[in-house]
Amino acid sequence: MRKLKLQMQMTVDGFVAGPQGQLDWMNRAMDPQLIAYITQLTDTSSTILLGRNMTPGFVAYWEGVLKNPGSPEFAFARKMVDYEKVVFSKTLTHMDGQNVRVHNGDLVEGVNAIKRQPGKDLVVYGGATFVRSLLDHGLIDELNLFVNPVAIGSGMQVFNGKRPLTLTGSIAYPSGTVVSTYRPA
C-alpha cells in the first residue's frame, strides 16, 4: 500500500500560516542540502493530494515557473506539473490545471482508494484545513515538518489536541530550517 507523506512548512511556535493565511515568514534561503532532501522526498511520490483552497495558487505558481526555462525551479516545477494532482472538494467538480482531477466523495474512502492503487507514494503539501482533516482521520503515514527559524505568535495550525508521534529522523540545515520526520505512534 502506498504511503501518504506530509511535507509542511511551519514556524517554531507551530503555525503553518499567519492568521489570514500569510506565508511571508517562510525561510526562502534554501541551501543545496535542503534542496536535495526536498527533491529526494518528492521523487518517492507520484501523486499530490490537495485541498480545494490551496489548489489554484499551487497550480498557477508551478505552471507559471514552466514558462521560464531559465528558472532555478524549472526541473522541480516540471515534476509538480506532471504529477497527478487529486483535489478534494465537496463543492467543486472541476479545477483548471494540468493533470488535475477533483474527488467529491468521502475523504477517507477516497484517500484509501488512492493508497491502494499501484505506484509511488502520495504527498500532501497543505493547506492547513485539508491537512488537519487528513490528520484527524489518521490518513497521514509520515510527517515531514520543515521548521523555519521564526516565531509568528499566532496563525493557522494543523494539529487539534494531543497527537502522539514517533521521531524517525531530524536534520538541521545551514539555512536554519530543521526537518523532522515522524510517523504516527
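The values are calculated or read from the model by the stated rules, or taken from the named source; none is laboratory data. Since this is a predicted model, take the numbers as computed values, not measurements. Here Cβ is always computed from backbone atoms with ideal geometry, including for glycine, and neighbour counts include all displayed protein chains.
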inquiry  = Considering only residues that are touching a residue at least 24 places away in the same chain (Cβ under 8 Å), surrounded by fewer than 17 Cβ atoms within 10 Å (Cβ to Cβ) and either in contact with an Asp or Glu (Cβ under 7 Å, 6 or more places away or on another chain) or under 17 Å from L34 (Cα atoms) (or both), which ones fall in the range 154-174?
reply    = N160, I171, P174
ask   = How many of the residues making up the range 1-60 are of a type in the set (D, E, K, R), modelled with pLDDT of 95 or more and farther than 27 Å from A172 by Cα?
value = 1
key: Search result, residues across the range 126-168 that are within 13 Å of the chain's Cα centre (by Cα) and outside any loop (DSSP other than H, G, I, E, B)   = A128, T129, F130, V131, R132, L134, L135, E142, L143, N144, L145, F146
ask   = Can you name the residue in the range 84-95 that is in a loop (DSSP other than H, G, I, E, B) and free of Cβ contacts under 8 Å to residues at least 40 places away in the same chain and, of all such residues, is nearest to L50 (Cα to Cα)?
value = S89
inquiry  = Looking only at the range 24-42, how many residues end up being in contact (Cβ under 8 Å) with a residue 12 or more places away in the chain and either under 15 Å from the mean Cα position of the chain (by Cα) or on the phi > 0 side of the Ramachandran plot (or both)?
reply    = 6
inquiry  = Tell me yes or no: at least one residue of the range 118-129 is of a type outside the set (S, T, N, Q) and at positive phi.
reply    = yes
request  = Give just the number: which of (1) surrounded by 18 or more Cβ atoms within 10 Å (Cβ to Cβ); (2) free of Cβ contacts under 8 Å to residues at least 24 places away in the same chain does V111 not satisfy?
outcome  = (2)
task = Looking only at the range 11-23, decide whether some residue is assigned to a loop (DSSP other than H, G, I, E, B), surrounded by fewer than 15 Cβ atoms within 10 Å (Cβ to Cβ) and under 14 Å from the mean Cα position of the chain (by Cα).
result = yes
